[in-house]
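Asks: Have a look at the structure that comes next, please.
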Amino acid sequence: MSRVRLSWGAAGLVAGLAGFGVSYGATQYLGRRLSPFDAVAELVISLTPGPVSHWFIQRVGTHDKAILGVIIALVTIVVLLSAGRLAARAWWAPLPAFGFLGAVAAVAALTREDSKIDDALPVALGVVTWVLALSWLTEPMHRERAAERAPEPSDGPADGPSRAALVDASRRTVLIRAGVITVIGAGTALLGPIVGHGRRRVEQARRLLNLPVSRPVVPKRVSVHVPGVTRWQTPNSDFYLIDTAFTKPAIDPDTWRLRIHGMVEREVVLTYQDLLDREITEDWITLNCVSNPVGGDLIGNAWWSGVRIAPLLKEAGVKAGADAVLQTSEDGWTCGTPLEALTDDRQAMIAFAMNGDPLPIEHGFPARVIVPGLYGYVSACKWVVDIEVTRFDRISAYWVDLGWAERAPLQMSSRIDVPRDGADLPRGPVRIGGVAWAQHTGISRVEYAVDGGPWLPAETGGAAVRPDGSPNRDTWVQWSATEHLADGDHVVRVRAIDVDGTVQTGVERDVAPAGATGWHARRFTVG
Ligand SMILES: Nc1nc2c(c(=O)[nH]1)N[C@H]1C(S)=C(S)[C@@H](COP(=O)(O)O)O[C@H]1N2
Ligand SMILES: [Mo]
């Protein structure tokens, strides 16, 4: 006999989660990027005013999406619980709650730039599952409650099942139904991705690729060999991640196309194979984010392999008057890039490999743009599908619409990695070091100052050398110094000087709208 009892709220949760399972499974089966839950998260992201999201990211860093996910999950759970409680009144009483969640999810799914009408299908399936599951699950609960309220027959239990037996039977039924509903929900959620066309498929396709690229070999003299200084090459797993995609686009390389059009003589459409068949270019390039605060770590250096953009644009035949390229990602994100940065002699490329491996899905698989010397938000479109040659006065791009600069020249910057802030160091020589960058201009020197004293020259690692013997100025450099300091508190500052002789400015400026400036400082104690 079952004494366990499912509460109305719990019934709402079981039915609701089954609804989510079914819509997630359907999303995956259809190969859509966003489940209704993800679509709502991205809607929230896109509706959040720039300053608010900027404030939020400053406080919580790259945990922003996890925190947003938890908040949406909590709100959802509250709605599901209350739907269950409402179901105690009548099967139709929770319909407004269903309608509310369904409508929010449908709006989120259908108002996206990349949305198609069948993006609403998973939402519809989820809501239908939810309504059916909740009324089926609570039907015996209504019976149980009716039995409990009915008076015990006066002539005893002889001519029918006792009230207690009725109640037990209905509780058993409820638990069995809850089990069936859970199995259906979880089963759909698990099966959808396996039999469908979603991320798992793409991951498999990615793993099977054998690209004609070379493995990175870290050049000999780039490292200063100081423990605690960031590795010169950033492994893919450590490379910072910045994008607006709550769920990353999973693009099958066989169906991927890149269209180059706009102010050109001939439109060019490339398949993934077309890319691989072209002449491949490879280089070390440091990418950083305009949102990187002074001393921040939204920067990484990788060995990129891809196809140069300049010859592609030449084949397309850029028309006079164009000064910009609007890049669009599969997920609808856009950025505007100065045309000349794509046509001059730098290694601007459509990259398909990162550190010798096919681009990770998070970093833009199957292809993304990498432009030496530009911030990511104006150049490094991940999951790129469309390149339109155009003019700045005709376009509006994602971050520029949110108040960031249309053209932001990259700020030279430098960072102290050791000592750590607040470190307690033993007596003896203090090793100081970090990285400095001015991509595509190049760093010539790094200087540091202790306790407000004079600027002193630091040692720097060498630049990587290209096959033609020229120095690669598109990456960061490492720097280091050794100091003998008295016992007590100390502060060290760093600044860089580029190959043109420009000294990194000490004027402190926030990351918005065009990149942070100022000298990085670290405080520590000796003795
Ligand atoms: N599709 C897409 N591409 C994008 C972004 C994005 O939000 N969506 N963010 C850009 C920004 S702001 C930066 S700094 C870089 C970060 O690239 P990473 O995540 O590979 O480090 O990607 C750029 N490309
Ligand atoms: Mo960025």
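The values are calculated or read from the model by the stated rules, or taken from the named source; none is laboratory data. Please read these numbers as outputs of a predicted model, since none were measured by experiment. All Cβ positions, glycine included, derive from the backbone under ideal geometry; neighbour counts span all protein chains shown.
Asks: Can you tell me which residue within segment 240-255, out of those that are crowded, with 22+ Cβ neighbours inside 10 Å and over 25 Å from ILE299 (Cβ atoms), is nearest to ligand 1 (Cβ to nearest atom)?
Replies: Here the answer is ILE251.
Asks: Looking at VAL307, VAL325, VAL290, can you tell me which residue is closer than 24 Å to ARG473 by Cβ, buried (at least 19 other Cβ atoms within 10 Å of the Cβ), within 16 Å of ligand 2 (Cβ to nearest atom) and touching a residue at least 12 places away in the same chain (Cβ under 8 Å)?
Replies: Being closer than 24 Å to ARG473 by Cβ, buried (at least 19 other Cβ atoms within 10 Å of the Cβ), within 16 Å of ligand 2 (Cβ to nearest atom) and touching a residue at least 12 places away in the same chain (Cβ under 8 Å) holds for just one of VAL307, VAL325, VAL290, which is VAL290.
Asks: Also, I was wondering about something else. What is the one condition in (1) farther than 30 Å from ALA108 by Cβ; (2) in contact with a helix residue (DSSP H, G or I) (Cβ under 9 Å, 6 or more places away or on another chain); (3) within 16 Å of ligand 1 (Cβ to nearest atom); (4) of a type outside the set (A, V, I, L, M, F, W, C) that SER237 does not satisfy?
Replies: (2)
Asks: With ILE176, ILE117, ILE72 as the choices, which residue is surrounded by fewer than 16 Cβ atoms within 10 Å (Cβ to Cβ), at pLDDT 85 or above and either within 20 Å of LEU17 (Cα to Cα) or touching a helix residue (DSSP H, G or I) at 6+ places or on another chain (Cβ under 9 Å) (or both)?
Replies: One residue alone meets the criteria, ILE176.
Asks: Restricting to segment 79-99, name every residue that is free of Cβ contacts under 8 Å to residues at least 40 places away in the same chain and among the basic types (Lys, Arg).
Replies: ARG89
Asks: Can I ask one more? Hydrophobic (A, V, I, L, M, F, W, C), over 22 Å from VAL418 (Cα atoms) and part of a loop (DSSP other than H, G, I, E, B) - does that describe any residue in segment 474-495?
Replies: Taking every residue of segment 474-495 in turn, none turns out to be hydrophobic (A, V, I, L, M, F, W, C), over 22 Å from VAL418 (Cα atoms) and part of a loop (DSSP other than H, G, I, E, B).
Asks: Does VAL202 count as assigned to a helix (DSSP H, G or I), within 16 Å of ligand 1 (Cβ to nearest atom) and farther than 30 Å from PHE56 by Cα?
Replies: Numbers: assigned to a helix (DSSP H, G or I): yes; within 16 Å of ligand 1 (Cβ to nearest atom): yes; farther than 30 Å from PHE56 by Cα: yes.
Answer is yes for this residue.
Asks: Residues in segment 359-366: is at least one of a type in the set (Gly, Ala, Ser) and at negative phi?
Replies: No, because not a single residue in segment 359-366 is of a type in the set (Gly, Ala, Ser) and at negative phi.
Asks: Continuing with the same structure: Six or more apart or on different chains, Cβ atoms under 8 Å: show the pairs whose first residue is in segment 357-384 and without any contact (Cβ under 8 Å) to a residue 12 or more places away in the chain and whose second is among the acidic types (Asp, Glu) and buried (at least 24 other Cβ atoms within 10 Å of the Cβ).
Replies: Listed pairs, sorted by first residue: none to list.
Asks: From the list GLY9, GLY61, GLY25, GLY102, which one is in a helix (DSSP H, G or I), touching a helix residue (DSSP H, G or I) at 6+ places or on another chain (Cβ under 6 Å) and without any contact (Cβ under 8 Å) to a residue 40 or more places away in the chain?
Replies: Residue meeting the stated conditions: GLY102.
Asks: Name the single residue that is farthest from ligand 2 (Cβ to nearest atom) among those in segment 236-259 being in a loop (DSSP other than H, G, I, E, B) and small (Gly, Ala, Ser).
Replies: ALA250
Asks: Condition first: part of a helix (DSSP H, G or I) and hydroxyl-bearing (Ser, Thr, Tyr). Now tell me which residues in segment 39-58 satisfy that.
Replies: The answer is SER46, SER53.
Asks: Name the single residue, out of those in segment 194-218 being within 25 Å of the chain's Cα centre (by Cα) and hydrophobic (A, V, I, L, M, F, W, C), that is surrounded by the most Cβ atoms within 10 Å (Cβ to Cβ).
Replies: It comes out as VAL202.
Asks: Go through ARG509, ARG473, ARG466, ARG495 for me and flag whichever is touching a His at 6+ places or on another chain (Cβ under 7 Å), of a type in the set (Lys, Arg) and surrounded by 13 or more Cβ atoms within 10 Å (Cβ to Cβ).
Replies: Criteria check complete, one pass: ARG473.
Asks: Is it fair to say THR286 is within 12 Å of ligand 1 (Cβ to nearest atom), of a type outside the set (D, E, K, R) and under 17 Å from ARG407 (Cβ atoms)?
Replies: Spelling it out, it is not the case that THR286 is within 12 Å of ligand 1 (Cβ to nearest atom), of a type outside the set (D, E, K, R) and under 17 Å from ARG407 (Cβ atoms).
Asks: If you go through segment 383-400 one residue at a time, how many are within 27 Å of ARG509 (Cβ to Cβ), surrounded by 20 or more Cβ atoms within 10 Å (Cβ to Cβ) and within 11 Å of ligand 1 (Cβ to nearest atom)?
Replies: 2
Asks: Then there's this: Suppose we filter GLY403, GLY376, GLY356, GLY364 for residues that are small (Gly, Ala, Ser), within 9 Å of ligand 1 (Cβ to nearest atom) and either at pLDDT below 95 or touching a Phe, Trp or Tyr at 6+ places or on another chain (Cβ under 7 Å) (or both); which single one remains?
Replies: Numbers: GLY403 fails: within 9 Å of ligand 1 (Cβ to nearest atom); GLY376 fails: either at pLDDT below 95 or touching a Phe, Trp or Tyr at 6+ places or on another chain (Cβ under 7 Å) (or both); GLY356 fails: within 9 Å of ligand 1 (Cβ to nearest atom).
None of the others qualify; the one that does is GLY364.
Asks: Something else: Give the residues of segment 343-364 that are in a loop (DSSP other than H, G, I, E, B), crowded, with 24+ Cβ neighbours inside 10 Å and in contact with a helix residue (DSSP H, G or I) (Cβ under 6 Å, 6 or more places away or on another chain), sorted by residue number.
Replies: ALA348, the sole residue that qualifies.
Asks: In segment 31-72, what residues are within 16 Å of the chain's Cα centre (by Cα) and at positive phi?
Replies: GLY61
Asks: Do we have any residue at all in segment 303-326 that's under 16 Å from the mean Cα position of the chain (by Cα) and within 11 Å of ligand 1 (Cβ to nearest atom)?
Replies: Taking segment 303-326 first, the residues under 16 Å from the mean Cα position of the chain (by Cα) are none.
No: segment 303-326 contains no residue that is under 16 Å from the mean Cα position of the chain (by Cα) and within 11 Å of ligand 1 (Cβ to nearest atom).
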